Amino acid sequence: MIGWQAALAVLAGGGIGSLIRYVVTFGVTQRLGAGFPWSTFIINLTGSFVIGVVAEITQTRAFAGGPLLRIFLMAGVLGGYTTFSTFAFDALNLLNERAALLALIYATGSVVLGVAAAFGGIVLVRAFSAA
């Protein structure tokens, strides 16, 4: 679905997702400090989980939303919320700080746990749908 309605859905959702990312980043950094990119790590994991939930709900029609709502949530809100470019930059910064092991743990952990979180979102929705 490409058209002005889809474009507006992505635009509106992206603004909302970006604002949520900003608030989460600020809160996590205040609590955990800036030594390790915890906020990006947490954002990418929670975003992966939520995209699994949204994908499963909208694909199985367990949720009465149409394709426009799916675009708003997945491409818009979650696209604005998750931070792959920030993830890449944070990993590079850890390498530049000569923290190669931390960079490896961060990058590997983000990818492996992100995939697991997306799968967890799908499993959660299926468990509640079967009940």
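The values are calculated or read from the model by the stated rules, or taken from the named source; none is laboratory data. Everything quoted here is computed from the prediction, not taken from an experiment. Cβ sites come from the backbone with ideal geometry, for glycine too, and all protein chains shown count toward neighbours.
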Of all residues in the range 14-67, how many are of a type outside the set (Val, Ile, Thr), without any contact (Cβ under 8 Å) to a residue 24 or more places away in the chain and over 15 Å from THR83 (Cα atoms)? 13
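Check the range 52-62 and report whether any residue there is under 28 Å from VAL125 (Cβ atoms), out of contact with any helix residue (DSSP H, G or I) (no Cβ under 6 Å at 6 or more places or on another chain), crowded, with 17+ Cβ neighbours inside 10 Å and not polar (S, T, N, Q).
Residues of the range 52-62 under 28 Å from VAL125 (Cβ atoms): 52-62.
When the remaining residues are screened for being out of contact with any helix residue (DSSP H, G or I) (no Cβ under 6 Å at 6 or more places or on another chain), the result is 55, 59-61.
Narrowing further to those that are crowded, with 17+ Cβ neighbours inside 10 Å: 55.
From the residues that got through so far, the ones that are not polar (S, T, N, Q) too are 55.
Yes.
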So, in the range 92-115, of the ones that are in contact (Cβ under 8 Å) with a residue 24 or more places away in the chain and of a type outside the set (S, T, N, Q), which residue ends up farthest from LEU45 (Cα to Cα)? LEU94
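Looking at THR86, is it within 21 Å of VAL115 (Cα to Cα), of a type outside the set (A, V, I, L, M) and surrounded by fewer than 18 Cβ atoms within 10 Å (Cβ to Cβ)? Spell out how you get there, then give the answer.
Values: within 21 Å of VAL115 (Cα to Cα): yes; of a type outside the set (A, V, I, L, M): yes; surrounded by fewer than 18 Cβ atoms within 10 Å (Cβ to Cβ): yes.
Yes: the conditions hold for THR86.
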From the list LEU95, LEU102, exactly one residue is modelled with pLDDT of 90 or more and buried (at least 16 other Cβ atoms within 10 Å of the Cβ). Which is it? LEU102
